[in-house]
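The values are calculated or read from the model by the stated rules, or taken from the named source; none is laboratory data. All values reported here derive from a predicted model rather than from experimental measurement. Here the Cβ positions follow ideal geometry from the backbone for every residue, glycine too, while neighbour counts run over all protein chains shown. With ligands, DNA and RNA removed, areas are computed over all heavy atoms of the protein, side chains included. Shrake-Rupley method; radii C 1.70, N 1.55, O 1.52, S 1.80 Å.
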Amino acid sequence: MTDEVQVMDADWLEFHPSPKTPDFKLPAGAVDAHCHVFGPSPEFPYAPERKYTPCNAGKDKLFALRDHLGFARNVIVQATCHGRDNRAMMDACREAGDLARGVASVGPDISRDELADMHEAGVRGVRLNFVKRLVDATPREVFLSIAEKIQEFGWSIVVYFEAADLEELVPFLKQLPGIIVVDHMGRPDVTKGTDHPDFQRFLQLMEENENIWTKVTCPERLTVAGPPYDDVIPFCRTIVDRFEDRVLWGTDWPHPNMKSHMPDDGALVDFIPKIARTAEQQRKLLVDNPMRLYWA
Ligand code: 0GY
């Protein structure tokens, strides 16, 4: 607990207060495989080293959204505003029991007992973040030592980077053990089109490395055209069509650092059938793949 009042950034956009009921009916057992909890502070204070101070967005609101949209489960990814203090995420996982899994952020000094405690809470992965506006850089050998430590727990690794950094990161990604999940398709520049070498390099990486998965998420972040995000569809479709057994989907609620607009989460769910066009693709994206990765 802290007595410090942590006021959200002046330009912070709060999550949508009343998302629509989606027209798309999610398959039974669907997983929102990328979402966060923020605080609430002061119960779960934000980390001193954070790059932003968000609005509070705690577990109760996340679970209400899950039920409203028709999801059965959540994968709660540690947000950088909480640094390596995973308590808010773990508390949400414990509360949800089998209905949530977590992805943590840890340092090289993490002990086996701490990892075991996280595993017991429902954590099944760590996130390695390369996005400079979100975190201070971590040396690659530190990330590699963390990746080795989690192997005995059978966890996977989430990586977050910007498209421009992919080329330089490829050798490192190839060194990582286990399954690697790339956030938001490696954040392609959608103005360049799917034929651009940057996106083709990402496809090639997935083609050549069967342990690399990706989240076909965040059209609201990648779009230039704005809602309903038609300019992002070809990127998601290309990946779902080629790698339907290695894709995940999530809302990204409560949508940290959105500056242009705040998406309606119900409308985001309605985006799904535009990128996964058959019932089989939808079942793999929303149920089979996340269940295999996080609940097996
Ligand atoms: C996302 C994207 C962002 C932020 C974070 O942990 C975070 O702070 O993930 C972002 O600002 O692009 O995946 O939620």
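Tell me, what is the percent relative contact order of region 1-124, built from C-alpha pairs under 8 Å that lie six or more residues apart? Mind dumping the intermediate values first?
Numbers: 195 pairs, mean separation 31.4, N = 124.
Computed value for region 1-124: 25 percent relative contact order.
In deg cm²/dmol and to the nearest 500, what is the mean residue ellipticity at 222 nm of the chain if only DSSP H runs of at least 4 residues count, each as -39500 (n - 2.57), divided by the residue total?
Per the formula, -9500 deg cm²/dmol.
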Rounded to the nearest 10 Å², the accessible area of residue 252 at probe 1.4 Å: 0
Carbon plus sulfur, as percent of the 1.4 Å-probe accessible area of region 1-157, comes to 52
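With all protein chains present and a 1.4 Å probe, how do 135, 269, 224 order by accessible area, largest first? Walk me through the numbers on the way to the answer.
Working: 135 40, 269 0, 224 105 Å².
From most exposed to least exposed: 224, 135, 269.
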Considering only protein heavy atoms, with the full assembly of protein chains and a 1.4 angstrom probe, order 191, 53, 238 by accessible area, largest first. 191, 238, 53
In vacuo Debye scattering of the chain, one point per C-alpha: log10 I(q)/I(0) at q = 0.14 Å⁻¹? -1.04
Would you check the accessible area of residue 60, probe 1.4 Å, heavy atoms only, in square angstrom rounded to 10? 110
Too long at a 19 Å Cα-Cα cut-off: which of 20/61; 215/274; 215/284; 51/174; 25/274; 149/174? 51/174
Accessible area of residue 213, 1.4 Å probe, to the nearest 10 Å²? 10
With +1 on the Cβ of every Lys and Arg and -1 on the Cβ of every Asp and Glu, the dipole magnitude of the chain about its Cα centre, in debye rounded to the nearest 20, is 480
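Loop-only GluC sites (Glu not before Pro) in region 9-52, please: DSSP not H, G, I, E or B, and at most 13 other Cβ atoms within 10 Å. All intermediate terms of the calculation are to be shown ahead of the outcome.
Details: sites: 14, 43, 49; in loops: 14, 43, 49.
Filter output for region 9-52: 43, 49.
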Need the full-extension length gain, residue 264 to residue 21, defined as separation in residues times 0.36 nm minus the C-alpha distance. One decimal, nm. 86.5 nm
Solvent-accessible area per residue, Å², over the chain with all protein chains present [probe radius 1.4 Å]: 41
Output the relative contact order of region 31-294, whole-number percent, from Cα pairs under 8 angstrom with separation of 6+ residues. 17
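To check you understand DSSP bridge types, tell me what percent of the beta bridges within the chain (both residues inside) are antiparallel, rounded to 5. Don't skip to the answer; put the middle values down first.
Values: 1 of 24 bridges.
If I count the DSSP bridges inside the chain, around 5 percent turn out antiparallel.
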How would 21, 278, 138, 214 line up by accessible area, probe 1.4 Å, largest first? 21, 278, 138, 214
